[in-house]
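The values are calculated or read from the model by the stated rules, or taken from the named source; none is laboratory data. The model shown is predicted, which means the values in this text are computed figures rather than measured ones. Each accessible area value is taken on the protein alone, full model and side chains, heavy atoms only, with ligands, DNA and RNA left out. Shrake-Rupley method; radii C 1.70, N 1.55, O 1.52, S 1.80 Å.
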Amino acid sequence: MYLINSEQPGDPMISQIIEIDAPMARHMLENNPNNRPVRQARVQQYYDDMVSGRWLFNGEAIKFSADGELLDGQHRLQAIARTSGQKFPMLVVRGLPRDTQVTMDQGAKRTPADQLTLTGVTGHNTTLIAAALRVYIPWLEGNLFGDYTRNAVSTTRIVEFAQVYPETVALAERFTSVAKRLKCRPAVAVAALIRLTEIDAEAAGEFLRLWDSLVGLPAGSPILALRQRLDYTHTHKIRTSDRDQIGLIVAAWNLWRRGKSVSKLQRPKGGFSIENFPEPR
């Protein structure tokens, strides 16, 4: 297909759908001098979607200038270059003026929340639901420790998970309002409450009520210690990772379930690790 640009002299632009494999992707990447730095997390997400079968042809183009310079599509090509024995159909446009590169990727990207809405997930806060699933999925799969880039959860993975496990999405929706009052990152609170509810729904409801209200908590309550720790980090703007927040919530849950008292809730000496990270009981 030839696209004639009447405002630009010279050769016509050409667009075609090409099945691109790893060697072809590496060849296309050879003339790529002026692109933005590669975001490895994005490449990993694309790669995971490709090898798992979640990648779908959507008409987004790989774009080249008239002299063969790659203008747009380096992250998709980097992901394909990592694959083996697979081909992926891509729209390829050649012959673009080089100065058009500054206009690329200017549109508003669809967020995970947008994608959930498009697939029929509705609710008051799909943004928080999507963020909570991005915490919940790697935790469920035992990937809280390790390479963040490799374990990053793509938007298509979130959508696929939501379609397969609508009951988890429904649980997340239940907790979106209260999560904002619990002094930790709301997405972490929602993810934690999903896990605890899956273990014991009645106990999780009581744990949440006490965590939120603090009503009737005696000195030495693990829930009180949790809230005090979260209040302190929130008030003093101390950066705390999602993993550490999950660890503290689960530690408080386990202590409370066992009827134990504690004056302070702290991370283990040296921080949380794979070996000492608490499993909710």
TODO: Tell me which label goes with the value of Cα extents along the principal axes in Å computed from the coordinates here: (i) 71, 38, 36; (ii) 121, 39, 28; (iii) 80, 39, 37.
DONE: (iii)
TODO: Could you provide, to the nearest whole Å², the per residue accessible area of segment 156-281 with probe 1.4 Å?
DONE: 53 Å²
TODO: Find the accessible area per residue for segment 19-105; the probe is 1.4 Å, ligands and nucleic acids are left out, and the unit is Å².
DONE: 50 Å²
Task: Other-chain or far-sequence residues with amide H under 5 Å of Met13's (modelled H) - done: Leu3, Asn5
Task: Table column - 3J(HN,Hα) (Hz), segment 264-272, Karplus curve with 6.51, -1.76, 1.60, x for Gly and Pro - done: 9, 10, 9, 6, x, 4, x, x, 6
Open item on the list: Using a 1.4 Å probe on the protein heavy atoms only, what accessible surface does Ile274 show? Give it in Å² to the nearest 10.
Closed with: 120 Å²
Task: Derived scalar couplings ³J(HN,Hα) [segment 248-258; Karplus, 6.51 cos²θ - 1.76 cosθ + 1.60; whole Hz; x for Gly, Pro] - done: 5, 4, 5, 4, 5, 4, 5, 5, 5, 5, 8
Open item on the list: I'd like the orientation of helix 166-179 relative to the chain: the angle between its Cα long axis and the longest Cα principal axis, in ° from 0 to 90, rounded to 10.
Closed with: 60 degrees
TODO: Could you pull out every residue, at least 5 positions away or on a different chain, whose amide H is within less than 5 Å of the one on Leu71? Hs are placed 1.01 Å off N in the peptide plane, and Pro or chain starts have none.
DONE: Lys63, Phe64, Ser65
Open item on the list: Quick check: the angle from helix 40-52's long axis to the longest principal axis of the chain, C-alpha only, nearest 10 degrees?
Closed with: 80 degrees
Task: Helix-only CD estimate at 222 nm, as mean residue ellipticity for the chain, using -39500 (n - 2.57) per DSSP H run (n ≥ 4) - done: -15000 deg cm²/dmol
Task: Within the accessible area of the chain (1.4 Å probe), percent carbon and sulfur - done: 50 percent
Task: the chain: angle of helix 222-235 to the longest principal axis, Cα-based, in degrees nearest 10 - done: 50 degrees
